[in-house]
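Below is one structure, written out as structure tokens; the observations come after it.
The values are calculated or read from the model by the stated rules, or taken from the named source; none is laboratory data. Keep in mind it's a predicted model, so treat the numbers as computed, not measured. Ideal geometry is used to build each Cβ from the backbone, glycine not excepted, and the neighbour counts take in all protein chains shown.
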Amino acid sequence: MNKSGPQLSSVHSRLKLRFILFCLLIAALVLAGWGIAQRGVHMHSLVQETEDAAIPRVALISPQRGPETRTVALPANLAAWYEAPIYAQVSGYVKMWYKDYGAHVKKGDLLAEINTPSLDAQFAAAKAQYDVVLARYKLALITSARWSALKSTQAVSRQEVDVQAANADAQKAELEAASHEVERFQALEDFKKIVAPFDGIVTSRLVNVGDYVNGDGGNMSSRGSAVELFSVADVHKIRVFVSVPQDYAAVISPKISADLTVPQYPGRTFHAKFLATAKAFNASTRTVTTELVLDNPERLLWPNSYATAKITAPSDPSILILPTSALLFRAEGTQIAKVEGNHVHLVNVEMGINFGRTMQILSGVKEDDKVVANPTADLLEGDQVKIVPTTHGYNSEKKPKSAPLAPAPLKNETPGDLRRAAASIPDDADDDKESATREDGRKAGDDQEAPQYNGTASAVAVPGAASKSSPKSGQMP
């Protein structure tokens, strides 16, 4: 009996130990099974997320109607309505100049005088020669009249009468030649005074008192080349010369106009109208010179200025346009990517005028087509895509809404979505939330510290997120 007690106690101990081991084994198996199941769920979620991420996200746009007007900005050169360099026609020395840079002059105003002693002497000699020839002509007329009176008598022969008459005619011709010579020198004498050819302003004065000027080519510079004495410009109107590239030559017509801006008047525009075009391209630049004109009553614009001409011309609004970023340039030609049933369909298109950020599409699209806004180079026919909202500015006139202070609920949440949502919480909202939590803890007598926002998904309450398993922060599934 004494031995049976210890034996029973030993049997109970072994049974208890076995039971505990069995329970531990069952618990280990349950934990292992739960871990394997959890790992399988995580793996399935990762596979789904990987497959979903492999599908390209695309934003869709629709072709827009083209603009009613077409605008292009080109460099322009300004020139005076009339501009004339004034050279000397006689040789001599400058006696005096009377108009300086920027002077307003009227037609015929005296600009300078030239002292020409040699010309004055020649003019005086021409006038003296004219007097001599005139005296001879008068004597020839008297002699011819006397011989003609004796023609009816036998005192003189008819031959002598004809000789005297011819001599009078010759003297008359010499008189006319002497008169023209005097007029020529008189014209040169008038060129001693340099006058303005029209109303305008003096834009240059390249002469000083005492300078020698050459009648064969104006003023002689220090290098021996002829330069003008003055330049006068009429600026009541301004000519605008624009070199239009061949690509934009189609807009040139009498209907076009241009708004000019110049560096010296920022923020101010000047309106110019079409005047003429060369109707031929420059072989070296492939541009056509186009001339416009604008009124300049306040004389604000000056000749030889640089300007930017914003030319506006009519356009065809019935032709559809697309952003240039929506075009694919491949060996098959220019293509766009349409989306039909979440699959890509590549279509060849014919391009028209390039507006810079947009392009005319002459064929291949309709107004209700859905086109990928920014197709990638590896996008192929039939690829599956996932549609995302369009970017503001492409196909929507609505203004973007301001971001809310709290994160909006997400649909089809993934670990990446949760992390993005957590990162979108403003710092101010985090501080308010932390302060409120601490205040509630003090009121409730809770000694634990309020949880702080640590930038992980656990700090964000997202509806529906609890129903889906997601990896813990800082761990990979």
Q.
residue 381 - would you say it is under 30 Å from residue 234 (Cβ atoms) and either part of a strand (DSSP E or B) or modelled with pLDDT under 90 (or both)?
A. no
Q.
Restricting to region 174-203, count the residues that are aromatic (Phe, Trp, Tyr) and not in a helix (DSSP H, G or I).
A. 2
Q | Selected residue (criterion: surrounded by the most Cβ atoms within 10 Å (Cβ to Cβ)) from residues of region 165-207 that are of a type in the set (Lys, Arg) and under 22 Å from residue 118 (Cβ atoms) | A | 192
Q: Give 112, 80 a once-over and let me know the one that is under 30 Å from residue 258 (Cβ atoms), touching a Lys or Arg at 6+ places or on another chain (Cβ under 9 Å), touching a residue at least 24 places away in the same chain (Cβ under 8 Å) and assigned to a strand (DSSP E or B).
A: 80
Q: For residue 59, state whether it is among the hydrophobic types (A, V, I, L, M, F, W, C) and either over 30 Å from residue 372 (Cβ atoms) or assigned to a helix (DSSP H, G or I) (or both).
A: no
(Q) Pairs needed: first member in region 23-48, part of a helix (DSSP H, G or I); second member anywhere, among the hydroxyl-bearing types (Ser, Thr, Tyr); C-beta distance under 6 Å; at least 6 residues apart or different chains. (A) 41/469
Q | Scope region 266-283; condition surrounded by 16 or more Cβ atoms within 10 Å (Cβ to Cβ) and among the small types (Gly, Ala, Ser); matching residues | A | 272
Q: Any residue in region 323-341 that's closer than 18 Å to residue 367 by Cα: show its pairings with residues that are among the polar types (S, T, N, Q) and part of a strand (DSSP E or B) at Cβ separation under 7 Å, as long as the two are six or more apart or on different chains.
A: 323/358; 324/358; 327/334; 335/348
Q. Is there any pair linking a residue in region 180-209 that is without any contact (Cβ under 8 Å) to a residue 60 or more places away in the chain and of a type in the set (Lys, Arg) to one that is surrounded by 15 or more Cβ atoms within 10 Å (Cβ to Cβ) and part of a helix (DSSP H, G or I), with Cβ under 9 Å and at least six apart or on different chains, and which?
A. 184/126
Q) If we keep just the residues of region 53-67 that are surrounded by 12 or more Cβ atoms within 10 Å (Cβ to Cβ) and within 17 Å of residue 343 (Cβ to Cβ), which is farthest from the chain's Cα centre (by Cα)? A) 55
Q. Restricting region 240-265 to residues that are within 16 Å of the chain's Cα centre (by Cα) and assigned to a loop (DSSP other than H, G, I, E, B), which is surrounded by the most Cβ atoms within 10 Å (Cβ to Cβ)?
A. 262
Q) Yes or no: residue 171 polar (S, T, N, Q), assigned to a helix (DSSP H, G or I) and in contact (Cβ under 8 Å) with a residue 40 or more places away in the chain? A) no
(Q) Take the conditions in a loop (DSSP other than H, G, I, E, B), modelled with pLDDT under 85 and surrounded by 13 or more Cβ atoms within 10 Å (Cβ to Cβ) and apply them to residue 391. Does it pass? (A) yes
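Residues are listed down the side, and each one gets a yes or a no for (1) more than 30 Å from residue 289 (Cβ to Cβ); (2) in contact with a strand residue (DSSP E or B) (Cβ under 7 Å, 6 or more places away or on another chain); (3) among the aliphatic types (A, V, I, L, M):
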site	(1), (2), (3)
80	no, yes, yes
85	no, yes, no
103	yes, yes, yes
115	yes, yes, no
120	yes, no, no
Q: Among the numbered conditions (1) assigned to a strand (DSSP E or B); (2) closer than 30 Å to residue 236 by Cα, tell me where residue 213 comes up short.
A: (2)
Q.
Checking the structure you have, find out if any residue of region 311-327 is polar (S, T, N, Q) and within 30 Å of residue 235 (Cβ to Cβ).
A. yes
Q.
Being closer than 20 Å to residue 65 by Cα, over 18 Å from the mean Cα position of the chain (by Cα) and of a type in the set (Ser, Thr, Tyr) is the filter here; which residues of region 280-328 pass it?
A. 315, 318, 325
Q.
Tally up the residues in region 85-133 that are among the aromatic types (Phe, Trp, Tyr), more than 20 Å from residue 207 (Cα to Cα) and out of contact with any Ser or Thr (no Cβ under 8 Å at 6 or more places or on another chain), please.
A. 1
